[in-house]
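The values are calculated or read from the model by the stated rules, or taken from the named source; none is laboratory data. Bear in mind the structure is a predicted one, so any value in this text is a computation, not a measurement. Cβ atoms come from the backbone with ideal geometry, glycine included; neighbour counts cover every protein chain shown. Note: areas computed on protein heavy atoms with side chains; ligands, DNA, RNA excluded. Shrake-Rupley method; radii C 1.70, N 1.55, O 1.52, S 1.80 Å.
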Amino acid sequence: MGQFLFDVPEASAEYIDQALWKDAYICGIEGVPWQSHVQYAHSRLTVTRGIESSGKLLIACPVAGVGYRTLSTCSLRPQDEPYLLVLELARGSCYRARSQSDAWQRAGLTVSKQFSDLLCQGTRRFLDAVQCRDDANASAEASIEAIELLERAIADLGESFAIQSIAFRKQRESTIGTLLAGTIVPPSPGQGASAEKFQSAFNAASVRISWADIETDAGRFDYDNVESSIAWCTANGLRVIGGPLLDFRERLLPHWLYLLEDDFDAFQAAVCQFVEKTVTRLQGTVQLWNCAAGLNTPGPMELDDEQVMRLALGVLQTVRRCDPQSPAIITFDQPFGEYLSHHRDGISPLHFADALARSGLGMAGLGLDIRINYQRNATLPRSAVDFGQMIDRWATLGMPLMVQLSVPGGKGVDANALAPEDILMSKEFLSDPAAEQLRVAAPLIRTLLAKHFVHGVVWDGWSDAESHLQSHSGVIDATGQPRPLLEYFVRLRREFLA
C-alpha cells in the first residue's frame, strides 16, 4: 500500500483548511486517478492508495485573484518522511509553468511580458521557499506566494496560446466552423426577447430530450414540448443537437424505473424502446444525436462494467439503426476522471470511450460534459492550460469532440434547476458571481475554439428564469437580466463563427 505524508505547518494551515482536501487524489503518469483515502488531522495530510508506486498529488486550493485552482505536485514516491505540502505544490506549479511555456515557445508561441515577469518572480519565491525549508513556516509563506504568482503566469500563458491559435485558425478559415450551442429545456426559449438573444449568441441549439418528461408513465409518451422546441430552432436557422436520449444521473430518469432496478435486461429493453420511438419520431429534424450521458460515472442504478458497456452499445446501435444518416455521439461525464478517486470499481472515461470508438457501430464523435465550481458531481477547477492538455489527450482517440460546459453565475436557491448542486464559494465568486462566471468560462471557451478537432461547444444553461439543468448556470439570471457571459457569446459568434 502506498502512503504519502504531507506536513502542513501553521503558516499554511488556513490555506489548506480552505482547500478541497477531501477530494484530493493521487494519479500516475497517465493522469488517471487512483482510489485514494484522504485524512487531514494534526497538521498532516495523509493520502493512501492501494499500490506502492510514485504519483502526483492533485488538490484544489484557493489562489488569490484566481479562485479555486487544482494544483499538482511533481511525481513523488511514498516514503516515511513527510513532504512539505505547499512547497511541493509550488514546485509543481513552477514545473508546469516552465515546461509548458518552453514547449510552446519552441513551437512558435510568443509569451507576454507579464508572463515572463510573473514566471521570474514566482520562480524566485519558490527558490526562497526551498532554501528556507528548515524553517517550515517561512517556507510555507514563500511557497504560497510562489503558487499565486505562478498560477497567474499559467493563466496568462493559456490566454496567449488561445488568442494566437485562434488567430492562426482565422488566417486559414474566414469563419471558424465550430458549433456554438446553448441548451434548450423544452419548451423554452421559443418566444419574445429571450428567443432573439438566443439567436444572436448561438448558431446551434442542444435540445434536451428528457425521458423523465416524455414518458412520465410507462408506455405513455408526450413529445409536444420537444417537437415545439425543435420546430422553433429549425424556423430560426439553428442546427439541432438532440439529447441526451439517456442521461444516467439522479433526478433525470423516469420515476417508475425503480420497478426495474433489479432486472437489467428489462431496464435495457425499456431504454432501447424509448430511444427507438424517439429517434423514429424525430428523424430528419435533428442534425446530431447525443445518445447517452453520464454512463461512466456512478448513477441512480448500480451497474457493473459489462452492463454499462452493453447499455451504451444498445443505445448507440438503436440510434444508428433508426437513423443511419445523422451522426451520433456519446457523452462522458467528468473527463478528468475525478470520480475514480472515490470509487474503486469505476470506469476510466478515456478507456470507456476507446472501447466504444472501436465497437464498429459508427459513432461519429465524443462528447465531454464539464461542470465547474460545483461541490459535487463536477470537474475540479482547472487552468486553461491543464484543461487544454486534457482535451488533447481525448483527441488521441482520433474522433471529433463536442464539449458541454456549465459554470454558475449566481447564488442561493435555484427553483428552476432540474439537477441542483451546491456551488463552490470562493472569495472571487462571493464578490461578483456573474463576473466570476465569465472569468472562469471565457478562457476555457477560447481554448476550445483554438482546437480544430473540437467541432462543437455547448453551454449547458440558458436562462435561470426558465427550466434548466444546473444551478445558476444560465447566461440570463432569474429576473431575466443578461449576465456578462451572454454578451461574450454574442461577440464570439459575430467575430469568429459561421
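General remarks:
- With the cut-off at under 13 Å, measuring from each backbone N in the range 146-190 to a point 7 Å along the Cα-to-Cβ line of THR285 picks out 186-187.
- Between 0 and 90°, nearest 10: helix 85-106 axis offset from the chain longest Cα axis: 70
- Were the residues from ARG133 through SER54 laid out at 0.36 nm apart, the gain over their Cα-Cα distance would be 26.2 nm.
- Grouping the Cα pair distances of the range 277-432 into 5 Å bins from zero gives a pair-distance distribution of 1, 8, 16, 19, 18, 16, 11, 7, 2, 1, 0 percent in increasing distance order.
- When the pairs LYS197/LYS277; LYS170/LYS197; LYS22/LYS427; LYS56/LYS451 are compared against a 31 Å limit on Cα-Cα distance, LYS197/LYS277 fall above it.
- Modelled spin labels at TYR258 and ASP117, positioned 7 Å past Cα toward Cβ, are 6.1 nm from each other.
- Area projected by the alpha carbon convex hull of the range 415-480, averaged over all directions, nm²: 5.1
- Accessible area of the range 17-97 belonging to carbon and sulfur atoms, whole % at 1.4 Å probe: 50
- Considering only beta bridges that DSSP places wholly inside the range 384-498, some 10 percent are antiparallel.
- In the range 275-434, the portion of solvent-accessible area held by carbon and sulfur atoms comes to 48 percent [1.4 Å probe, whole percent, DNA, RNA and ligands not counted].
- Extension gain from LEU397 to GLN307, taking 0.36 nm per residue of separation minus the Cα-Cα distance: 30.1 nm
- A simple spin-label model places pseudo-atoms 7 Å from Cα toward Cβ; at PHE168 and ASP422 they are separated by 4.3 nm.
- Magnitude of the charge dipole for the chain, about its Cα centre and with charges confined to Cβ atoms of Lys, Arg (+1) and Asp, Glu (-1), is about 1840 debye.
- Charge tally for TRP34 (other residues, Cβ to Cβ under 11 Å; Lys, Arg +1; Asp, Glu -1): +2.
- Charge tally around ALA64: other residues with Cβ under 12 Å, Lys/Arg +1 each, Asp/Glu -1 each, net -1.
- The relative contact order of the range 365-498, computed from alpha carbon pairs under 8 Å that lie at least 6 residues apart in sequence, is 27 percent.
- Once the chain from SER99 to ARG376 is taken as fully extended at 0.36 nm per residue, the excess over their C-alpha distance is 96.5 nm.
- With the simple model of a label 7 Å out from the Cα in the direction of the Cβ, GLN79 to SER431 spans 3.9 nm.
- Within the chain, helix-based [θ] at 222 nm, where runs of 4 or more DSSP H residues each add -39,500 (n - 2.57), nearest 500: -13500 deg cm²/dmol
- Accessible area per residue for the chain is 41 Å², calculated with a 1.4 Å probe on protein heavy atoms, without ligands, DNA or RNA.
- Distance histogram in 10 Å bins (all Cα pairs of the range 1-73, percent per bin): 19, 52, 26, 3
- Of the residues LEU380, TRP232, THR183, the one whose Cα sits farthest towards the positive end of the charge dipole of the chain is TRP232 (charges of +1 on Lys and Arg Cβ, -1 on Asp and Glu Cβ, taken about the Cα centre).
- Loop-located GluC sites (Glu not before Pro) across the range 271-377 with a Cβ neighbour count of 16 or fewer within 10 Å are GLU302, with loop assigned by DSSP.
- With both residues required to sit in the chain, DSSP beta bridges show an antiparallel share near 40%.
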